[in-house]
Amino acid sequence: DLIPFGKADLIISVEPMESLRYLPFLSPEGWLITNTKPFVNIPNYPDMGSLMSEIQSFEKHIAIDADTIAKELGTARAANMVILGAAAPFLDIEFKLLQDAIKQIFERKGEEVVNMNLQALQKGYDFSLSEAMVINK
């Protein structure tokens, strides 16, 4: 309701079909950041090949397998941090401030949880930077 069609600078999604739902809001200069792993919760979920073709047809996109990256770090629950990291280069927030916020939010859960979330954030960030460099060439 608050963002007019074609005016959003960024769409961040943890699910590919959901990212396409909001594509009409994205400005021509905007970026689409999405997880490539679907959350299939309906019987007529679209074909993944078709979904990914649609996402890839949009020039400024980052499609990342956040679930696999998070699992490799030790927990699938960190997938949202991978997505946040992938979106970070396009946010008007200093990366160190995101890292500091994660430390503060997760500190009561222990150093291992903090470090895992920081690693997830960094993995998403690094992936996004490398992809954006390829796209911007």
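The values are calculated or read from the model by the stated rules, or taken from the named source; none is laboratory data. Nothing here was measured: the structure is a model prediction, and the numbers come from that model. Every residue, glycine among them, receives a Cβ derived from its backbone with ideal geometry; neighbour counts consider all protein chains shown. Only protein heavy atoms, including side chains, enter the accessible area calculation; ligands, DNA and RNA are left aside. Shrake-Rupley method; radii C 1.70, N 1.55, O 1.52, S 1.80 Å.
Suppose we filter MET52, MET81 for residues that are farther than 22 Å from ILE3 by Cβ and in contact with a strand residue (DSSP E or B) (Cβ under 8 Å, 6 or more places away or on another chain); which single one remains? Full working, then the answer.
Values: MET81 fails: in contact with a strand residue (DSSP E or B) (Cβ under 8 Å, 6 or more places away or on another chain).
Step by step, each of MET52, MET81 is checked, and only MET52 is farther than 22 Å from ILE3 by Cβ and in contact with a strand residue (DSSP E or B) (Cβ under 8 Å, 6 or more places away or on another chain).
Here the range 36-61 is the region considered, the condition is being aliphatic (A, V, I, L, M) and under 11 Å from PRO16 (Cα atoms), and the residue that is most open to solvent (accessible area, probe 1.4 Å) is VAL40.
Taking the criterion of being open to solvent by 100 Å² or more (accessible area, probe 1.4 Å) and more than 29 Å from GLU59 (Cα to Cα), the residues of the range 111-137 that qualify are GLU111, GLU112. Within the range 79-97, the only residue that satisfies the criterion of being farther than 25 Å from TYR22 by Cα and touching a residue at least 12 places away in the same chain (Cβ under 8 Å) is PHE95. Within the range 58-78, residues that are in a strand (DSSP E or B) sit with their Cβ atoms under 6 Å from residues that are open to solvent by 40 Å² or more (accessible area, probe 1.4 Å) and modelled with pLDDT of 95 or more, at 6+ positions apart or across chains, in these pairs: ILE64/PHE127. Within the range 27-51, being touching a residue at least 24 places away in the same chain (Cβ under 8 Å) and not in a helix (DSSP H, G or I) holds for GLU29, GLY30, TRP31, LEU32, ILE33, THR34, ASN35, THR36, LYS37, PHE39, TYR45, PRO46. When you scan the range 99-110, do you find a residue that is exposed (fewer than 14 other Cβ atoms within 10 Å of the Cβ) and either among the polar types (S, T, N, Q) or in contact (Cβ under 8 Å) with a residue 24 or more places away in the chain (or both), even just one? Yes, the range 99-110 contains a residue that is exposed (fewer than 14 other Cβ atoms within 10 Å of the Cβ) and either among the polar types (S, T, N, Q) or in contact (Cβ under 8 Å) with a residue 24 or more places away in the chain (or both).
Per this entry, ILE93 is not counted among residues that are open to solvent by less than 30 Å² (accessible area, probe 1.4 Å) and within 23 Å of ASP9 (Cβ to Cβ). Annotation: of all residues in the range 1-25 being out of contact with any Ser or Thr (no Cβ under 7 Å at 6 or more places or on another chain) and touching a residue at least 24 places away in the same chain (Cβ under 8 Å), the one that is surrounded by the fewest Cβ atoms within 10 Å (Cβ to Cβ) is LEU10.
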